[in-house]
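Novice: Encoded as structure tokens, here's the structure I'll be asking about.
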Amino acid sequence: HTTTSAVCRDDNWGSGGSPYTALVDSSDHLAGIRVVTGVTIPWENKSFLGQERVGSHLSIAVDPNNRDSVYLAWADFPNGNSPYTIHLRHSSDGGATWSADLRTVASGINPALSINAAGNVGFLYQTLTTPAGSNSTNWETHIEISTDAFATTPTPIVLATVPSNTPTFVFL
């Protein structure tokens, strides 16, 4: 399904007469800034990646020491085509504008973001891999830790590798 990804913000903790309107999109003057438009996010209630169903994989994190530094990750079909891909973007002005993709992860799911008190960004995700010389696939859980806002690509650390077909598929 083709969709738009938007981010809303409220600077008054959701109180007042117009909550969540700190960011207003200039194209329609409604609450929420469009981060990306026209993306295809498949909703598949069948085996899609390994034995996984997919839908909306989304994560957002705000720097605890700098509310203007916000990271967003989501997964979609780039330009409407597979593979299902995670995208990571950054805003340095509280969500008003967004970077281009800082990272993309093909055949990835379950992005999770965190930012510690030092401003280091943790980017956790899983990706479906095929070992060399193998017909089977594995899920690998990775974490990348950036100390420079992804100006350089961090080396992914593999936390776990498990078969993608275990347990045996029975039902959805």
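The values are calculated or read from the model by the stated rules, or taken from the named source; none is laboratory data. No experiment lies behind these values; they were computed from the predicted model shown. Note: ideal-geometry Cβ built from the backbone for every residue, glycine included; neighbour counts use all protein chains shown. The area values use the complete protein model at the heavy-atom level, side chains included, leaving out ligands, DNA and RNA. Shrake-Rupley method; radii C 1.70, N 1.55, O 1.52, S 1.80 Å.
Novice: Being touching a residue at least 24 places away in the same chain (Cβ under 8 Å), open to solvent by 50 Å² or more (accessible area, probe 1.4 Å) and either hydroxyl-bearing (Ser, Thr, Tyr) or assigned to a loop (DSSP other than H, G, I, E, B) (or both) is the filter here; which residues of the stretch 119-148 pass it?
Specialist: 136, 147
Novice: Identify the residue in the stretch 39-63 that is modelled with pLDDT under 80 and acidic (Asp, Glu) and, among all such residues, is most open to solvent (accessible area, probe 1.4 Å). Break it down stepwise before answering.
Specialist: Keep residues of the stretch 39-63 that are modelled with pLDDT under 80, which gives 41-56.
With the extra rule that they be acidic (Asp, Glu), the set shrinks to 44, 52.
On the way: 44: 53, 52: 72 Å².
Going through the qualifying residues, I end up with 52.
Novice: So residue 155 fits all but one of (1) open to solvent by 70 Å² or more (accessible area, probe 1.4 Å); (2) farther than 25 Å from residue 82 by Cα; (3) assigned to a loop (DSSP other than H, G, I, E, B); (4) not acidic (Asp, Glu); what number is the exception?
Specialist: Failed condition: (2).
Novice: For the stretch 108-157, which residues satisfy the criterion of being of a type in the set (D, E, K, R) and within 20 Å of residue 89 (Cα to Cα)?
Specialist: Within the stretch 108-157, 144, 148 meet the criteria.
Novice: Which numbered condition trips up residue 107, out of (1) at pLDDT 95 or above; (2) surrounded by 15 or more Cβ atoms within 10 Å (Cβ to Cβ); (3) more than 9 Å from the chain's Cα centre (by Cα)?
Specialist: Among (1) at pLDDT 95 or above; (2) surrounded by 15 or more Cβ atoms within 10 Å (Cβ to Cβ); (3) more than 9 Å from the chain's Cα centre (by Cα), the lone unmet condition for residue 107 is (1).
Results for (1) in contact with a Gly (Cβ under 6 Å, 6 or more places away or on another chain); (2) closer than 30 Å to residue 164 by Cβ, shown as yes or no for each residue.
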site	(1), (2)
5	no, yes
26	no, no
34	no, no
86	yes, yes
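Novice: With (1) at pLDDT below 95; (2) on the phi < 0 side of the Ramachandran plot as the list, and residue 141 as the residue in question, which single condition is left unmet?
Specialist: (1)
Novice: Name every residue in the stretch 64-103 that is loosely packed, with under 13 Cβ neighbours inside 10 Å and either in a strand (DSSP E or B) or in contact with a helix residue (DSSP H, G or I) (Cβ under 6 Å, 6 or more places away or on another chain) (or both), in order of residue number.
Specialist: 66, 67, 68
Novice: Answer yes or no as to whether residue 161 is part of a strand (DSSP E or B), within 25 Å of residue 82 (Cα to Cα) and open to solvent by less than 40 Å² (accessible area, probe 1.4 Å).
Specialist: On the way: part of a strand (DSSP E or B): yes; within 25 Å of residue 82 (Cα to Cα): yes; open to solvent by less than 40 Å² (accessible area, probe 1.4 Å): no.
Taking the combined requirement at face value, the residue does not satisfy it.
Novice: Ok, one more. So if I check each of 97, 104, which one is β-branched (Val, Ile, Thr), in contact with a His (Cβ under 7 Å, 6 or more places away or on another chain) and either free of Cβ contacts under 8 Å to residues at least 60 places away in the same chain or within 17 Å of residue 23 (Cβ to Cβ) (or both)? First the steps, then the outcome.
Specialist: Values: 97 fails: in contact with a His (Cβ under 7 Å, 6 or more places away or on another chain).
It is 104.
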